[in-house]
Amino acid sequence: MLGAGGASGRLAVWALAALVAAAACSRGPRPIAYGQDGCAYCLMQINDARYAAELVTHAGKVYTFDSIECLVSYYRTLDAAHRDAVETMWVSDYAHPGTLIAAGSASYLRVSGPGSPMGRGMLAVARAADLDPLRDRAVGGAMTWPDVLALAEREQWDRRDPGAADAAMPHMHGSPDAH
Amino acid sequence: MRTSVTAVVAFAAAAWGAAPARAQRTLVVAPAGAGVFHDVQAAIGAARAGDTIEVRAGTYREPTVVVDRPVAIVGVGRPTLDGESSRQIMTVTADDVTVEGLRFAHVGTSYTEDRAAVKVVGARRCAIVDNEVDDAFFGIYLAKATDCRVERNVIRGRARNETSSGNGIHLWGAERILVDGNDVRGQRDGIYLEFTRNTEVRGNISEHNLRYGLHFMYSDDCRYVDNTFRDNGAGVAVMYAHRVAMTGNTFEDNWGSAAYGLLLKEIFDSRVMGNTFRRNTTGVLIDGANRLVAEHNDFVDNGWALKLDGSTQDGRFTANDFTGNTFDVGTTGRVLTTTINGNYWDHYEGYDLNRDGVGDVPFRPVRLFSVIVWQNEPALILLRSAFVNLVDAGERVIPALTPAAFADSAPRMRPAR
């Protein structure tokens, strides 16, 4: 009886260890708790599943962001050593809110008008074709992750607020939608 | 519909005879009856600039009403415009439009558009007054609007979860708007301003919203005065803004690990005067503020009265009262170029031998234990222990970990207010 109990106890320990190992190896994004998690960069509460982003370090520490803009700005403030500690970065698939996709393989677009949490109108999708319905609001063409980093460098996202002159501000025609 | 068109033609003909062509008329909309319109859009279609459209009691279900000419739409007996959870209810595109006395109900959620009960797009001099908004995605939404008034509206959101709720009063790219005496609850943010300038938010009540009672983004030269922000998910956030005046507001009952009365993030040349911060996890959280002046505020019964993070430069805190707070001030220990002289602290244990009302020894509001708790929240369970009291007492005598220069050199013996 005692022996049997010990065996099943050992089994449970092994099962638990396997589970922990599996979790550690999966390296996926941690789901964002909308309405609870805060943005590690701007401190806002994260609400909108179309724009949220995430950064995971080698040590498994998770930083959540309300927007692509905040992920990029945060990344820009890291020195080389801290950038080396970054394991993965994730952005939301605008076409499938709540789904996080790898930042490096997503397609990006900037759109004009209200909506994005930080006012610059950045969004991402897994399938480039999903950008097609957004073309009429687009400012510029589709971008890759390096394009986005270059844009943030050009516009100094972590230093300069978007303003009236920025693309995310509305034009008198086209946007915002008047339905 | 044919009868009502005939009616208005007859009416117009009568008006021609009796008055100059441009005289203002009143067009009546009612659910039934002869000689009236049966939907709001038909009345607008027949209206001329300056006309009043009187909407009688009843429930109207029609496609999104587009107000494309300067008219007043006035409800009598609180008629309901029902969006049937599938569409925006009213879009205003013309200048000089008044929308008053209506009830808007059931605006469906959408991931692709910011549907609202009333959306004003690019118009001037609108007045959205004394309406009720129930179960809306966004409530009253002004995009690129100028010189408008949003007054005495009552907005009751569905408050299910953040992702399916929009903001109660949403101003985007707007200028010179007065938001006065509204009552907003159950939305994502109660009142939201983005890229909005020269706007005043006065005498509103914003409570039980899922995220912020009030949220400023990139909105310069705005004032908010005499508002009450209560029990919102995370409090009030004023972010990335210049020259904001915050006066006479009450921030209370914002509890939660990430909640605060007021978050100031990247704020320049702003003033926080005569506000009350009561029963918040953190009264005011400041992360990046330049030349902030805070005077005559009351910090009562908060977990932390004041938390200073990031660079808080050239700020001045004077004549504020700190009573009943667990911690008065927390900092991340960086060099602070902010002065905190002449405040009242109930934790002050100094004396006033010359009886000039000013304590004779400085008060250091940053407790060592508060520094430990900031970095390691579970340590909070040690708060009432004798050991922690001893550590704090030692730190007061010989500051080692807390910023020694950060002290009130002229603490008041009595509250300022």
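The values are calculated or read from the model by the stated rules, or taken from the named source; none is laboratory data. None of the values given here were measured: they were computed from a predicted structure. FYI the Cβ positions are ideal-geometry reconstructions off the backbone, even for glycines, and counts take in every protein chain you see.
With the requirement that a residue be among the β-branched types (Val, Ile, Thr) and under 21 Å from residue B:195 (Cβ atoms), what does the stretch B:227-243 give you? The answer is B:236, B:238.
For residue B:66, state whether it is within 18 Å of residue B:132 (Cα to Cα), within 32 Å of the chain's Cα centre (by Cα) and at pLDDT 95 or above. Criteria not met by residue B:66. I'm told residue A:24 meets every condition in (1) at pLDDT below 95; (2) surrounded by 11 or more Cβ atoms within 10 Å (Cβ to Cβ) except one. Can you identify the failing condition by its number? Single failed check for residue A:24: (2).
Restricting attention to the stretch B:234-264 and to residues that are buried (at least 22 other Cβ atoms within 10 Å of the Cβ) and touching a Cys at 6+ places or on another chain (Cβ under 8 Å), the residue that is nearest to the other protein chains (Cβ to nearest Cβ) turns out to be B:239. The set of residues in the stretch B:172-194 being at the interface with chain A (Cβ under 10 Å from one of its Cβ atoms), more than 20 Å from residue A:43 (Cα to Cα) and in a strand (DSSP E or B) consists of B:172 alone. Annotation: of all residues in the stretch B:195-216 being part of a strand (DSSP E or B) and crowded, with 24+ Cβ neighbours inside 10 Å, the one that is farthest from the other protein chains (Cβ to nearest Cβ) is B:201.
It is to be established whether one or more residues within the stretch B:333-350 are charged (D, E, K, R), more than 14 Å from every other protein chain (Cβ to nearest Cβ) and in a strand (DSSP E or B). No, every residue in the stretch B:333-350 fails to be charged (D, E, K, R), more than 14 Å from every other protein chain (Cβ to nearest Cβ) and in a strand (DSSP E or B). Among the conditions (1) touching a His at 6+ places or on another chain (Cβ under 7 Å); (2) more than 14 Å from chain A (Cβ to nearest Cβ); (3) buried (at least 24 other Cβ atoms within 10 Å of the Cβ), residue B:141 misses just one, which is (2).
Scanning the stretch B:153-166 for residues that are at pLDDT below 95 and in contact with a strand residue (DSSP E or B) (Cβ under 6 Å, 6 or more places away or on another chain) gives a single hit, B:166. On inspection, residue B:228 fails the criterion of being among the hydroxyl-bearing types (Ser, Thr, Tyr) and crowded, with 18+ Cβ neighbours inside 10 Å.
Tell me, please, whether a residue that is within 30 Å of residue A:138 (Cβ to Cβ), in a strand (DSSP E or B), modelled with pLDDT of 95 or more and not polar (S, T, N, Q) can be found in the stretch A:34-53. Yes, that holds for at least one residue.
Here residue B:128 fulfils each of the conditions (1) away from chain A (no Cβ under 14 Å); (2) over 29 Å from residue B:49 (Cβ atoms); (3) buried (at least 18 other Cβ atoms within 10 Å of the Cβ); (4) not hydroxyl-bearing (Ser, Thr, Tyr) apart from (2). Of the set (1) touching a helix residue (DSSP H, G or I) at 6+ places or on another chain (Cβ under 8 Å); (2) closer than 24 Å to residue B:227 by Cβ, all apply to residue B:289 but (1). In the stretch A:56-67, is there at least one residue being within 19 Å of residue A:105 (Cα to Cα), away from chain B (no Cβ under 12 Å) and either surrounded by fewer than 24 Cβ atoms within 10 Å (Cβ to Cβ) or over 10 Å from the mean Cα position of the chain (by Cα) (or both)? Yes, that holds for at least one residue. Which one of these is at pLDDT 90 or above, surrounded by 15 or more Cβ atoms within 10 Å (Cβ to Cβ) and within 14 Å of chain B (Cβ to nearest Cβ): A:92, A:112, A:107? Checking each option against the conditions leaves just A:92.
Kindly evaluate residue A:120 against the criterion of being surrounded by fewer than 13 Cβ atoms within 10 Å (Cβ to Cβ), within 13 Å of chain B (Cβ to nearest Cβ), at pLDDT below 95 and part of a loop (DSSP other than H, G, I, E, B). For residue A:120, the condition - surrounded by fewer than 13 Cβ atoms within 10 Å (Cβ to Cβ), within 13 Å of chain B (Cβ to nearest Cβ), at pLDDT below 95 and part of a loop (DSSP other than H, G, I, E, B) - is not met.
As a summary of the residue check, residue B:302 satisfies the conditions (1) part of a strand (DSSP E or B); (2) more than 16 Å from the chain's Cα centre (by Cα) except for the one numbered (1).
A single member of B:231, B:226 is touching a residue at least 12 places away in the same chain (Cβ under 8 Å), away from chain A (no Cβ under 14 Å), more than 12 Å from the chain's Cα centre (by Cα) and farther than 21 Å from residue B:266 by Cα, and it is B:231. In this structure, residue B:102 does not qualify as touching a helix residue (DSSP H, G or I) at 6+ places or on another chain (Cβ under 8 Å) and surrounded by 24 or more Cβ atoms within 10 Å (Cβ to Cβ). Residue count for the stretch B:230-271, restricted to those that are among the small types (Gly, Ala, Ser) and in a loop (DSSP other than H, G, I, E, B): 9. Tallying residues that are within 30 Å of residue A:49 (Cβ to Cβ), small (Gly, Ala, Ser) and more than 11 Å from chain A (Cβ to nearest Cβ) within the stretch B:91-125 yields 3. Give the number of residues within the stretch B:65-77 that are in a loop (DSSP other than H, G, I, E, B), β-branched (Val, Ile, Thr) and within 14 Å of chain A (Cβ to nearest Cβ). Final tally of qualifying residues: 0. Selection of the stretch A:108-123 for residues being over 15 Å from residue A:52 (Cβ atoms) and hydrophobic (A, V, I, L, M, F, W, C) yields A:109, A:111. Across the stretch A:26-51, the number of residues qualifying as more than 7 Å from chain B (Cβ to nearest Cβ), within 18 Å of residue B:239 (Cα to Cα) and among the aliphatic types (A, V, I, L, M) comes to 2. If you scan the stretch B:122-141, which residues turn out to be more than 21 Å from the chain's Cα centre (by Cα), among the hydrophobic types (A, V, I, L, M, F, W, C) and outside any loop (DSSP other than H, G, I, E, B)? Result: no residue meets the conditions. Among the residues of the stretch B:78-90, the ones that are buried (at least 20 other Cβ atoms within 10 Å of the Cβ) and either within 14 Å of chain A (Cβ to nearest Cβ) or aromatic (Phe, Trp, Tyr) (or both) come to 4 in all. If I filter the stretch B:31-52 for residues that are on the phi > 0 side of the Ramachandran plot, more than 43 Å from the chain's Cα centre (by Cα), modelled with pLDDT of 50 or more and not in a strand (DSSP E or B), do I get at least one hit? Yes.
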